[in-house]
Amino acid sequence: MRTARILVVDDEPQLRRVMRAALTKQGYIVGDVRSGEAALEKLREERFDLIILDRNMPGMGGVEACRAIRENSDIGIIMLTIRKSEEDRIEALDAGADDYITKPFSMPELFARIRANLRRAPLSPRQGSSVIAFGEIEVDLGTHHVSIQGRDVRLTPKQFEVLNFLVANPNVSIPHAKILQAVWGPDYGDEVEYLHVLVNQLRKRIEPDPSRPRYILTEPWFGYRLQLPSGKP
Amino acid sequence: MNFSNSESARLVGTRILRILVCLVLVAAITWIAFAVLNVNALIVGFAYVLTVLVVAARWGMVESFVTSVAATLCLNYFFFPPVLSFTIADPQNWVALFAFMVTAITASKLSASVRAGAAEAQARRIEVEHLYQLSLSLMVVDTTKELGPQIAVSVKKWFGCTTVAFCDGLTEDIHIEGSEDQRLEHETLRAIATGKEPWFISRKRSAPVGVEVIAAPVALGGKVLGSLGMIGPSLSEPAIQAIASLAGVAIEHTRQQIVLGRIEVVRQNERLRSLLLDALAHDFLTPLTSIKSAVTTVRSEYKHEAEEDDFLAVVEEEADKLGEMINEATDMARIEPGKPRIRLRRIDVPALIRSTLERMKTMLEGHPLSVSIEEGISSVNADPDMMGLALRQLLGNAVRYTPAETAIAILASQTEDEVIIRVRDQGPGIPRDELEAIFERFYRGKRTQESVAGTGMGLSIARDIVSAHRGRLWVENAPEGGAQFSFTLPVFPEDRKS
């Protein structure tokens, strides 16, 4: 497997220094920049697999940078935050971050998150045979393409994986923790707001009326359920 | 004083002048009628009545009365036979003369009362105008300066008083505008201002004519705020009351402005303190993040001896402690005093207690803990971040204010629609007179403020948080010793035991 490339975006030089050394020692190829603007610039020139993005930076902050990156990329983004309040977390996730970690953090924890976010459902070798259709929606498990009425819908990898997991377990209620562990990794389970935000984003993309979902249903205080239209397997 | 005397002298002079004019008028009519035209008594009688009416309407009772008498005498002397004598031959003429006199006097009286009414109306109109001006000037008083002098100046200016005194009901200070005047008794003003004297308006006529010495209470809504003394032209009772009311409104308004200003200053201070704390926390956290990530990298990625790892572990643990303290400070700084913003959701009580204890593990070290949670306790409707913060304040207090090695107990029980969580320690308890005070912002216990570090914010914030959840937080001393903090939280609606 080829070496993953990680871009570290933080205005604190000491932290960039530590991260560059530690991540390089882990075997990643590391690039680092000091601002959101520089990150966008760097992403135009080079390809990365994951971005570690500080939330609080002078100039273009992390949230804004995250939104800008998301406009034309579904690269994995881990946000570094200092605040623990729920609103800040949701703001980061809403902007398109896949994960966040609170400063100060321990490196092994960051490594685990990086591994979880680099992990992707492997492309299925049997393309074409793994298309699941329900309602107007078609999900190609092989190519990760999702389309509604033949129109392509772009999903981030995490959004696709959640949808993929739900499609694999249709018509049953799945607890939050199980989805989190399946999609983010075994270290996860309590981060229910990740799911809330992500499912809302997913609904906006595939539901005809996101405020009254037909397919991805909420099971209050428990989890989610993918409801396939009756009459179809 | 001289001014008042010359004023009344001037009034008397004017009146004498007017009476002279009246007499000249009567004499002129008599001369024209008797010597030039030679008309009869009837015609000249009408002319006299007309003159009396004009005088009454123009100048008033005294002048018209004098005119009436003069006219009657002239009528008798010059026109009733025998002429040029005061004797009257025909008894009919006695009747006529009497009728003339009654007519003249009645007419002059009527006319004068109409005139007085008009003058009264005019005076009221002017009073109202002046009251309006007074209300305008009291509306724009300078709230940063003392109010008494400003009220006195305005009243003096608009009501033509020679002296105005204002006595403040709180300070009992008397401010006098204009010349000091013995007739305004300071003792009386003070007695009225402090409410010792029953409040009524006292008015005494004083020399010269038309001048009154007035003392009136300044009150609003039944509360006496001060008193007002005036020496000046007579004012109607309603006008005096209105002046006093306007002064009262101005005082109350100013006091409210001052209180509001003070609240605003406190609010600004709080905001500034929060901003500062937040900025400071951020500045501390940045290098701490580098330390933590560096030391954890070394510990996990590089080979080293076990004893080397002990040192690194100390660095990491102490960095964690610092981080925890900084996060706690930021959390506290972010809470708006009095009204923390909360996002309610269903929370499992055992999980809340467990995660809080987990987070405070290092701090609670050395204190034996006992946790007892009622079997099958309902979930609560609460904000997990905020409730965790509140619970940490109570536990942190229990640790800070009790000797090491003493036990701390956490108990959770429930009633029909409330869950009660208690934190009980085995410390010295809380002095009876401080049981409420410790929840005030920035209050530090008298006994411990020297020996224990703290901001005096924790309990106040904890209470704000619990209140925002519609719960109560209180403290009592347990009978077996030690303090026991308790708070209630509403049970999650769908979990309510029916």
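Just so you know, all these numbers are worked out from the coordinates, no wet-lab data involved. Bear in mind the structure is a predicted one, so any value in this text is a computation, not a measurement. All Cβ positions, glycine included, derive from the backbone under ideal geometry; neighbour counts span all protein chains shown.
A few points about this structure:
- Amide H contacts of B:Val218 (H built 1.01 Å from N, under 5 Å, at least 5 apart or other chain): B:Leu225, B:Gly226, B:Ser227, B:Leu228
- Based on C-alpha pairs under 8 angstrom that are at least 6 apart in sequence, chain A has a relative contact order of 13 percent.
- Distance between modelled label sites at B:Tyr302 and B:Arg15, nm, 7 Å Cα→Cβ extension: 11.4 nm
- Cα-Cα pairs of region B:345-495 separated by more than 27 Å (percent): 17 percent
- Computed E for B:Val69/B:Ala207 - FRET, C-beta separation, R0 22 angstrom, nearest 0.05: 0.15
- Restraint check, A:Lys25/B:Lys321; A:Lys178/B:Lys321; A:Lys42/B:Lys292; A:Lys103/B:Lys361, Cα-Cα greater than 22 Å: A:Lys25/B:Lys321; A:Lys178/B:Lys321; A:Lys42/B:Lys292
- Averaging over all projection directions, the Cα-based convex hull of chain A occupies 13.3 nm² in the image plane.
- Computed label-point distance, nm, for sites B:Glu237 and A:Lys25 using a 7 Å Cα→Cβ extension: 9.7 nm
- Cα-centre dipole for region B:87-145 with unit charges at Cβ (Lys and Arg positive, Asp and Glu negative), debye to 20: 60 debye
- 11 Å reach of a label modelled at B:Val315, 7 Å along Cα-to-Cβ, counting backbone N of region A:1-42: none
- Stretchable slack from B:Ser113 to B:Tyr132, in nm (0.36 nm times residue separation minus alpha-carbon distance): 4.0 nm
- Euclidean distance of C-alpha centroids, region B:21-46 and region B:115-144, integer Å: 46 Å
- Highest-MSF residue in chain A out of A:Asp209, A:Asp54, A:Asp11 [GNM, Cα springs under 10 Å]: A:Asp209
- In Hz, Karplus ³J(HN,Hα) per residue of region B:357-374 (6.51, -1.76, 1.60; θ = phi - 60°; x = Gly, Pro): 5, 4, 5, 9, 3, 5, 5, 7, 3, x, 9, x, 10, 10, 10, 10, 10, 4
- Using C-alpha pairs below 8 Å separated by at least 6 residues, the relative contact order for chain B is 8 percent.
- Secondary structure note: in chain A, about 50% of the DSSP beta bridges are antiparallel.
- Rounded to the nearest whole Hz, the Karplus-based 3J(HN,Hα) values (6.51 cos²θ - 1.76 cosθ + 1.60, θ = phi - 60°) of region B:386-400 follow the sequence 5, 5, x, 4, 5, 5, 5, 4, 5, 5, x, 4, 4, 6, 5, with x at glycine and proline.
- Kirkwood hydrodynamic radius (C-alpha pairs) into Stokes-Einstein, chain B, 4 °C and 1.567 mPa s, D in µm²/s: 41 µm²/s
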